[in-house]
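Asks: Okay, handing you the structure first.
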Amino acid sequence: MSDAPVDFIADVIGASEQRPVLVDFWAGWCGPCKMLKPLLERLADEPECRWSLVKIDSAAQADLAQQLGVRGIPDVRLYHHGKEVARFAGYMPEPNLRAWLAEHLPTPKRDSMARARELLLAARADEAARLLEPLHAAAPDDAELRVLTGRALVFAAPARAAALVEPALDSAWQDGARTVTAIAAALQRLDATGEFGTLLLCERYLAGLRALQAQDFRAAADALVEVLLEKPHFDEGRARAACLAIFQHLGARHAVTEEFFRRYSMAVNI
């Protein structure tokens, strides 16, 4: 915990692979820093501490602070497995600081949930489900975990996933629950293919749903957008809801979202 110059890659990014690292950007002229810094040092010295403290003098290492977007100090950031997981700015009294650490420090459960999210984006929902189902069984009242488990189950068991997330539809995780519900409603239409004709539009829609079921998100988005360009309210709005749910499932920065969301927006606003 010395105040020597910090090698950010080695001392923070690399070290956080083994143990969470709390980074404190401070300066000698900063009044709140003078109150927070000794508090952080004391907490880091406690026998039960599960994190390491790295202190960065933002005046002595101004280029690093600027590179990391530090605009005001104290600026405190928590890193785990090479990534920033939380931050706060300004002074925080000890009870609030302990609560903040308890909320954001990794646990085996949080690590498993983070791994499951990575698996979902990699179209490996079955592996994510195997990670999440035991966690959900142990904590059935955790709405975030309930929704994440629903996201993992929806491709193989849409009806079960929809029922699982229903209690979360009025929770803080309602957006994720609605995403699961929309995907489930669309995939269950694969059990009613007799209701669709042999028109090219119907065939394209069903192809999109099969691609979605297989987690081929690009093919699914491509097919569904083509359907929506021709008929924006196809299948009583299920096509539109399913296409939007793909983007919500993947996130705004995913390549599929970036490629197809603009065309989707054009289609549904015709």
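The values are calculated or read from the model by the stated rules, or taken from the named source; none is laboratory data. Being a predicted model, the structure only gives us computed values, none of them experimental. Cβ atoms come from the backbone with ideal geometry, glycine included; neighbour counts cover every protein chain shown.
Asks: Please specify each residue of the range 216-270 satisfying the condition of being aliphatic (A, V, I, L, M), closer than 17 Å to L199 by Cβ and out of contact with any Gly (no Cβ under 6 Å at 6 or more places or on another chain).
Replies: V227, L228, L229, A239
Asks: Now for a separate question. Consider the range 145-181. How many of its residues are assigned to a helix (DSSP H, G or I) and buried (at least 18 other Cβ atoms within 10 Å of the Cβ)?
Replies: As a first pass, look at the range 145-181 and keep what is assigned to a helix (DSSP H, G or I): 145-153, 158-168, 174-181.
If we keep only those that are buried (at least 18 other Cβ atoms within 10 Å of the Cβ) too, we end up with 145-153, 158, 161-162, 164-165, 168, 176-181.
Here the count works out to 21.
Asks: Within the range 1-110, which strands (runs of 3 or more DSSP E) (wholly inside it) include 3 or more residues that are hydrophobic (A, V, I, L, M, F, W, C) and surrounded by 12 or more Cβ atoms within 10 Å (Cβ to Cβ)? I'd like the intermediate steps shown before the answer.
Replies: On the way: elements: 21-26, 52-57, 75-80, 83-89.
Result: 21-26, 52-57, 83-89.
Asks: Still on this structure: Which condition number in (1) more than 23 Å from the chain's Cα centre (by Cα); (2) in a helix (DSSP H, G or I) is the one that P232 fails?
Replies: Checking P232 against (1) more than 23 Å from the chain's Cα centre (by Cα); (2) in a helix (DSSP H, G or I), the one that fails is (2).
Residue-by-condition table, conditions (1) under 19 Å from the mean Cα position of the chain (by Cα); (2) of a type in the set (K, R):
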| residue | (1), (2) |
| --- | --- |
| R98 | no, yes |
| L132 | yes, no |
| D142 | yes, no |
| L148 | yes, no |
| V154 | yes, no |
| A157 | no, no |
| P167 | no, no |
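Asks: Then there's this: Within the bounds of the range 94-102, is there any residue that is within 20 Å of A27 (Cβ to Cβ) and either of a type in the set (V, I, T) or modelled with pLDDT of 95 or more (or both)? Outline the logic, then answer.
Replies: Just the residues of the range 94-102 that are within 20 Å of A27 (Cβ to Cβ), to begin with: 97.
Still in the list and also either of a type in the set (V, I, T) or modelled with pLDDT of 95 or more (or both): 97.
Yes, the range 94-102 contains a residue that is within 20 Å of A27 (Cβ to Cβ) and either of a type in the set (V, I, T) or modelled with pLDDT of 95 or more (or both).
Asks: Any idea how many residues of the range 182-214 are crowded, with 19+ Cβ neighbours inside 10 Å and in a loop (DSSP other than H, G, I, E, B)?
Replies: Residues meeting the conditions: 0.
Asks: If P140 meets every condition in (1) part of a loop (DSSP other than H, G, I, E, B); (2) assigned by TED's automatic domain parsing to the domain that holds I13; (3) of a type outside the set (D, E, K, R) apart from one, which number is that one?
Replies: (2)
Asks: While we're looking at this one, here's another question. Hey, can you tell me all the residues within the range 17-40 that are acidic (D, E) and closer than 18 Å to G90 by Cβ? Before you say what the answer is, go through the steps one by one.
Replies: Restricting attention to the range 17-40, the residues satisfying the condition of being acidic (D, E) are 17, 24.
Passing the criteria: only D24.
Asks: For the range 106-154, which residues satisfy the criterion of being closer than 21 Å to A182 by Cα and of a type in the set (V, I, T)?
Replies: The answer is V147, T149, V154.
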